[in-house]
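Student: Sharing a structure below in structure tokens format, with a few things to ask.
Any read-out appearing in this document is the output of simple, stated calculations on the displayed coordinates, not a laboratory observation. What you see is a predicted model, and the numbers here were worked out from it, not measured in a lab. All Cβ positions, even for glycine, are placed from backbone atoms using ideal geometry, and neighbour counts span all protein chains on display.
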């Protein structure tokens, strides 16, 4: 602390706790998402996680990748959440889109017509031209 006082003198500084973004934020057993998990997911996913979307995640709903089932423990965790618009959420719920999240922040989408996409921190990969072996290897790498 003495070194900080020497460095900053009389300047006002604010120390903010670190938010974990790697998916290791402790899970909860409720449908409601605690603010600490919301912050972690929104820091990890700055945009909607639907293919090619550039919508800011700031005001979007956080969707359970695997639908929430009352009574099942530890479903509400960063590795089971991602920001989506309500329209995309409804399409997913109506089974027009299937979604899997092999690890926190990596989303694999499949449309009802068979189109496949991978969405992650670097954007969207269209998996349409990928062979089944290439997709299997990519899934394995994403799951590790």
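Student: So what are the radius of gyration and Dmax for the Cα set of the chain, in Å?
Tutor: Both quantities, over Cα of the chain: 18.5, 64 Å.
Student: Compute the acute angle (0 to 90°) between the alpha-carbon long axis of helix 132-143 and the principal axis of greatest extent of the alpha-carbon atoms of the chain; round to the nearest 10°.
Tutor: Between the helix axis and the principal axis of the chain, the angle is about 20 degrees.
Student: Helix 35-44 against the longest principal axis of the chain: what's the angle in degrees, Cα atoms only, rounded to the nearest 10?
Tutor: Tilt of helix 35-44: around 70 degrees.
Student: Separation between the residue 68 and residue 103 pseudo-spin-labels, each 7 Å from Cα along Cα→Cβ, expressed in nm?
Tutor: Modelled inter-label distance: 2.7 nm.
Student: Would you mind getting me the FRET efficiency between residue 30 and residue 95? Use the beta-carbon distance for r and R0 = 35 Å, nearest 0.05.
Tutor: Here the calculated transfer efficiency is 0.90.
Student: Could I ask something else about it? Each label point is 7 Å from the Cα along the Cα-to-Cβ direction; what then is the distance between the points at residue 58 and residue 116, in nm?
Tutor: Result for the modelled spin labels: 3.6 nm.
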